[in-house]
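Written out below as structure tokens is the structure these notes cover.
The values are calculated or read from the model by the stated rules, or taken from the named source; none is laboratory data. Not measured: the values here are computed from a predicted model. Ideal geometry is used to build each Cβ from the backbone, glycine not excepted, and the neighbour counts take in all protein chains shown. Just the protein is used for accessible areas: all its heavy atoms, side chains included, with ligands, DNA and RNA removed. Shrake-Rupley method; radii C 1.70, N 1.55, O 1.52, S 1.80 Å.
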Amino acid sequence: MTETAPARARAEIDLAALQANVRALRAQAPTAALMAVVKSDAYGHGALPCARAAVEAGATWLGTATPEEALALRAAGLQGRIMCWLWTPGGPWRAAVEADLDLGISGLWALREAAAAARASGRTARVQLKADTGLGRNGCQPADWPELVAEALRAEAEGLVRVTGLWSHFACADEPGHPSIQAQLGSFREMLAYAEGQGVRPEVRHIANSPATLTLPDSHFDLVRTGIAVYGISPSPELGTPADLGLRPVMTLSASLALVKHVPAGHGVSYGHHYVTAGDTTLGLVPVGYADGVPRHASGTGPVLVAGKWRTVAGRVAMDQFAVDLGGDEPPVGERVVLFGPGDHGEPTAEDWAQAVGTIAYEIVTRIGTRVPRVYVNTEQAG
């Protein structure tokens, strides 16, 4: 997307900032390789441009949740290591094997489907066995680990698979000092030792996500998987602001005022009249709504910057628009409204929105919809 994007709304994606974040994260884990996670369209930032920029900045792995996301990167010409981990039975195993993806394996059924795809394609599947060390989502429980390891080694002996990795995922790395962190690390080390004792020779062992990359050096092993931090957002307010962590937010979401009008005191605003004007005032209409990813929960709380002043969503966020009370100010129609950005010019940040609606900043950026064009800026500085 170029600078000719429609003026209704735009999400500016600063690729130079993204690359600076990748370099900062590499410096936090200098002995480990770095995976840039670009799942969910790069957390709403645009998977392909962000993946390319991350690789240029030194990411040696890319990560996605679904195999379809990974296959799309391959189809677009991205080479190098790409891992995907969220599988369901009957997934595109053969296509993934033929595309030389690394496949996250959490149980026997998945290992067997990967091996069958390898046999059908005449290729060796690259698989990474995931240990459930305490998160309780995907991954193999410690009690079932010996069986999974044994079957993987048998498949490896047949030439059907190559076990390229052993990995896990933290539950509470964004909560400094949480007792589960060391418990999971201990479990991971035990499961690694068992697998390697049985003859598994992984290329990479990894458990560190963004918060662990930033705060837990003993969790870095051979590879760190950085997701939200690549996009310049703190994994948790408890860990500090992006600036505290040496990161810069990559997305700036803005829209153009579609209408400015005077209304009298006592005038209801938007559905349900949950906001009523206290006196004569001016209202500004911002032409984005929950269909664009603006949370409906931001009704009455979401902050925006208009003409140099913070305003708050007045009344309910509708599907395509919301109003702000301008307090008698009369900015021109077309004036830029910044919902969130890095905060350099006094605008709210994604974290401000998260606090306003009781969620996490991950959700704020990831939910921005496809009606909002991504406009890639500072591309000449990227590289």
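The residue among G91, S187, I364 whose Cα reaches farthest toward the positive pole of the charge dipole of the chain, with charges on the beta-carbon of Lys, Arg, Asp and Glu, is G91. Relative to the dominant Cα principal axis of the chain, helix 179-197 is inclined by about 30°. Excluding ligands, DNA and RNA, the accessible surface per residue across the chain is 40 Å² with a 1.4 Å probe.
Look at the dipole of the chain built from charges on Cβ: of A157, P348, L214, the Cα furthest out on the positive end belongs to A157. So what is the 222 nm mean residue ellipticity for the chain from helices alone, if each DSSP H run of at least 4 adds -39500 (n - 2.57) and you divide by all residues, rounding to the nearest 500 deg cm²/dmol? Helix-only estimate at 222 nm: -8500 deg cm²/dmol. Taking 0.36 nm per residue of separation and subtracting the current Cα-Cα distance, fully stretching the chain between K261 and L285 would add 7.8 nm. With a sphere of radius 13 Å drawn around the Cβ of P49, what net charge do the other residues whose Cβ falls strictly inside it have (Lys, Arg +1; Asp, Glu -1)? Net of charged neighbours comes to -2.
Other residues with beta-carbon under 15 Å from the beta-carbon of G308 carry, at +1 per Lys or Arg and -1 per Asp or Glu, a net charge of -2. Taking the Cα centre of the chain as reference, the dipole from Cβ charges on Lys and Arg (+1) and Asp and Glu (-1) amounts to some 680 debye. Spin-label model, E203/R123: points 7 Å from Cα along the beta carbon direction are separated by 1.3 nm. Basic side chains Lys and Arg get +1 at the Cβ, acidic Asp and Glu get -1 at the Cβ, and with that the dipole of the stretch 123-177 about its Cα centre reaches some 300 debye.
Could you tell me what percent of the accessible area of the stretch 293-383 is made up of carbon and sulfur, with a 1.4 Å probe and every protein chain present?
Working: 1980 of 4010 Å².
Taking all protein chains in place, the stretch 293-383 shows 49 percent carbon and sulfur surface.
Within straight-line reach of K261, meaning a Cα separation under 28 Å, sit the following lysines at least 8 residues removed in sequence or on another chain: K309. For the stretch 218-344, the dipole from Cβ point charges (+1 on Lys and Arg, -1 on Asp and Glu) about the Cα centre works out to 260 debye, to the nearest 20. Comparing Cα centroids, the stretch 264-304 and the stretch 207-243 end up 36 angstrom apart.
In this simple spin-label model, placing a label point 7 Å from the Cα along the Cα-to-Cβ direction at both A307 and Y271 gives a separation of 2.9 nm.
Placing a label point 7 Å from the Cα of R8 along the Cα-to-Cβ direction, the residues of the stretch 278-319 with a backbone N closer than 18 Å are 285-296, 317-319. When you count the other C-beta atoms within 10 angstrom of each residue and take the mean per peptide, 218-231, 258-271 line up highest first as 218-231, 258-271.
Where does each of 196-208, 288-300 land if you order them by average Cβ count within 10 Å, highest first?
Going from most to least packed, we get 288-300, 196-208.
If the chain linking R23 and A72 were pulled fully straight, counting 0.36 nm for each residue of separation and taking away their Cα-Cα distance, it would gain 15.1 nm. Other residues whose C-beta falls under 11 angstrom from the C-beta of N138 contribute a net charge of +1, scoring Lys and Arg +1 and Asp and Glu -1.
Between the helical axis of 108-121 and the longest alpha-carbon principal axis of the chain there is an angle of about 80 degrees.
Per 0.36 nm of contour for each residue apart, how much would the distance between W109 and E196 grow if the chain were fully extended, relative to their Cα-Cα spacing?
Values: separation 87, 0.36 × 87 = 31.32 nm, distance 2.18 nm.
Taking 0.36 nm per residue and subtracting the Cα distance, the gain is 29.1 nm.
Between 0 and 90 degrees, the angle of helix 145-157 with respect to the longest Cα principal axis of the chain falls at about 70 degrees.
How many angstrom lie between the C-alpha centres of the stretch 73-120 and the stretch 132-182? Distance between centres, Cα-based: 17 Å.
Just the protein heavy atoms count here, and of the accessible area of the stretch 1-134 at 1.4 Å, carbon and sulfur take up 55 percent.
Across the stretch 195-232, the residues whose backbone nitrogen lies under 11 Å from the label position 7 Å along the beta-carbon direction of R189 are 218-219. Here the peptides 348-358, 87-97 are ranked by packing, the mean other Cβ count within 10 Å, and the order with the highest first is 348-358, 87-97.
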